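The values are calculated or read from the model by the stated rules, or taken from the named source; none is laboratory data. Note that the coordinates shown come from a computational prediction; the quantities given were computed from them, not determined experimentally. In this analysis, Cβ positions are derived from the backbone assuming ideal geometry, glycine residues included, and neighbour counts consider all displayed protein chains.
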Amino acid sequence: MPSQPTSPAPIPERHPLRQLFHSLTEASFAQIGYTDPELTVYVTGLLVDFTHIDHLYRVRDAQGRRIEHLVDLRLESQRGDQTHARATQKHLGDYALFIVGMFPESLQRHRRPVSAEYYIAQGKQAYATVSTMDGLRPTAALFRKLSAQFETCVCALHIEKDWLQDEFYQYLMRQMSS
């Protein structure tokens, strides 16, 4: 297993960015009529974590190159021990959720466009795999829920993205922070 690049320090729990993402995530889930504190916390953590590019591409191949495609992540999860497999599957689910939820337009920018449905199916499967790997641990239920509610999380992220891009919302946020 290749060595992973040094990660930046985690963003503290009380950091304004984490608080902003938590508020937005909670409101976006409420907007679609699905409130689940456990999913809100997980999706908030995902957004905060992926604000740093090194976290978005944390999985590396045997040569130390970042892995950017779901098929390569799936193959990488078959290399190494159970801990590596689980971490890679979790990342695959997280990456798929983040991309299809926040940047679905990026799927059409490649030489060969990829469908959002493919990302959804792969993300759901990855979370289901992590749930199975976790067995009787409490995290198994969370990953089963993430798999079952993947599309719900995507819808919530679409709403959150719209708010973040809205000029009026940006104006309000600037006023609140001054």
Just give me the residues in the range 30-59 being surrounded by fewer than 16 Cβ atoms within 10 Å (Cβ to Cβ) and aliphatic (A, V, I, L, M), in sequence order.
A30, I32, V41, I53
Tell me yes or no: at least one residue of the range 58-75 is assigned to a helix (DSSP H, G or I), touching a Lys or Arg at 6+ places or on another chain (Cβ under 9 Å) and not small (G, A, S).
no
Out of the helices (runs of 4 or more DSSP H) lying entirely within the range 89-178, which hold 1 or more residues that are farther than 28 Å from L75 by Cα?
150-165, 167-177
Give the residue, chosen from L136, L142, that is farther than 25 Å from D61 by Cβ, among the hydrophobic types (A, V, I, L, M, F, W, C) and loosely packed, with under 13 Cβ neighbours inside 10 Å.
L136
Against the definition (surrounded by 14 or more Cβ atoms within 10 Å (Cβ to Cβ) and either among the aromatic types (F, W, Y) or over 27 Å from V71 (Cβ atoms) (or both)), how does Y127 come out, yes or no?
yes
Of all residues in the range 27-46, which are in contact with a Ser or Thr (Cβ under 7 Å, 6 or more places away or on another chain) and within 14 Å of I99 (Cβ to Cβ)?
V43
Residues to consider are Y127, Y169, Y119, Y57; find the one that is hydroxyl-bearing (S, T, Y) and out of contact with any helix residue (DSSP H, G or I) (no Cβ under 6 Å at 6 or more places or on another chain).
Y57
Out of all the residues in the range 54-78, which are of a type outside the set (K, R) and more than 23 Å from S115 (Cα to Cα)?
D54, H55, D61, A62, Q63, G64, Q78
Could you list, in sequence order, all residues of the range 28-77 that are without any contact (Cβ under 8 Å) to a residue 60 or more places away in the chain and over 22 Å from F150 (Cβ atoms)?
H52, I53, D54, R60, D61, R65, R66
Quickly run through the range 80-123 and pick out the residues that are among the hydrophobic types (A, V, I, L, M, F, W, C) and farther than 22 Å from K161 by Cα.
A85, A87
In the range 127-155, what count of residues is obtained for those that are closer than 19 Å to H84 by Cα and in contact (Cβ under 8 Å) with a residue 40 or more places away in the chain?
5
Quick one: which of A62, A27 is surrounded by fewer than 17 Cβ atoms within 10 Å (Cβ to Cβ), of a type in the set (G, A, S) and modelled with pLDDT under 90?
A62
The lone exception for T44 - which of (1) closer than 28 Å to R112 by Cα; (2) in contact with a His (Cβ under 6 Å, 6 or more places away or on another chain) it fails:
(1)
Residue that is surrounded by the most Cβ atoms within 10 Å (Cβ to Cβ) [pool: residues in the range 65-98 that are in contact with a helix residue (DSSP H, G or I) (Cβ under 8 Å, 6 or more places away or on another chain) and acidic (D, E)]
D94
Conditions (1) within 17 Å of the chain's Cα centre (by Cα); (2) not in a loop (DSSP other than H, G, I, E, B): number failed by T83:
(1)
